[in-house]
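Notes follow the structure.
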Amino acid sequence: GEHPSIDLHIAETELELKEGILLLPNSMQVQLQPYAPAGNVHFNFDMSGPFENLSIASKFSVKGGELVEINSGVELHAIDLNANYISKGGMDSVTISNFQSQLGMGTLSCNGSIRDLNDPVLNLSVSAETNLNEVKGFFGWDSLAVCDGQISAQSFIRGKIAFQEADSTFDWSQLHLNGKAQVTEGSFQWAASNGLFKNINGVFLLNG
């Protein structure tokens with residue numbers, strides 16, 4: 001009729017992770033272009049309501065997934081993820097109940113939420129035990145010529161993250177971090193500087 005509606009349920013389905021990424025909003029697909037995915041994603045899917053105001057809900061999980069940064073070759077692997085996606089009233093969000101992975105030889109875990117996927121607002125709790133050089137490679141921190149050393153960090157991340165399509169990098173300037181990071185035998189140098197800081201050891205409190 002003039003005001004069509006839908007009531008649809010898709011039972012648990014398995015897709016390759018690279019196919020599942022194609023179901024994400026275009027803005028998120030662009031952010032994942034620097035990475036090669038592998039593994040499978042399981043999800044179910046509910047869609048209901050009038051076409052002009054649909055409600056969508058999905059539970060999804062990844063077991064043993066992998067993302068490889070194409071330029072550096074750094075792997076985020078052994079990914080285990082459980083999350084929910086909801087879209088209602090023109091606003092969507094992802095709630096991450098569990099995310100465990102290995103970044104290079106270290107570990108990375110988080111939980112929390114990401115709201116408004118076209119202009120993401122993060123509210124995450126993150127723990128990391130890894131090497132800074134692998135963090136640099138995975139996130140494409142080209143502004144740093146040297147970023148090395150072991151890091152142990154527990155932090156809360158709030159705010160927006162923007163993706164720069166021109167050079168495939170992330171803009172972190174609108175994020176606020178609170179927590180603690182311990183660096184051991186660190187080294188640091190800006191790409192545009194000759195100054196190398198090395199043998200950095202310390203505990204740093206993150207405050208905004």
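A few notes on this one:
- Under conditions of 37 °C and 0.692 mPa s, region 1-68 yields 241 µm² s⁻¹ as its translational diffusion coefficient, taking Rh as the Kirkwood radius over Cα pairs in the Stokes-Einstein equation.
- Amide H within-cut-off set for residue 74, under 5 Å, with H built and near neighbours excluded: 69
- Dividing the convex hull volume of the alpha carbon atoms of region 73-124 by its residue count gives 84 Å³ per residue.
- Solvent-accessible area per residue, Å², over the chain with all protein chains present [probe radius 1.4 Å]: 59 Å²
- Accessible area (Å², 1.4 Å probe, nearest 10) - residue 134: 40 Å²
- For residue 146, net neighbour charge (Lys/Arg +1, Asp/Glu -1) across residues whose Cβ lies under 9 Å away: +1
- In Å, descending, principal axis extents of the Cα set of the chain: 70, 30, 30
- Straight-distance candidates among the lysines for linking to residue 160, with alpha-carbon spacing under 26 Å and chain neighbours fewer than 8 residues away dropped: 18, 59, 88, 136, 180.
- Heavy-atom accessible surface of the chain: percent carbon and sulfur, 1.4 Å: 53 percent
The values are calculated or read from the model by the stated rules, or taken from the named source; none is laboratory data. Just so it is clear, the model here is predicted, and its values are computed rather than measured. Virtual Cβ from ideal backbone geometry, glycine too; neighbours counted across all protein chains shown. SASA here: full protein model, heavy atoms, side chains in, ligands and nucleic acids out. Shrake-Rupley method; radii C 1.70, N 1.55, O 1.52, S 1.80 Å.
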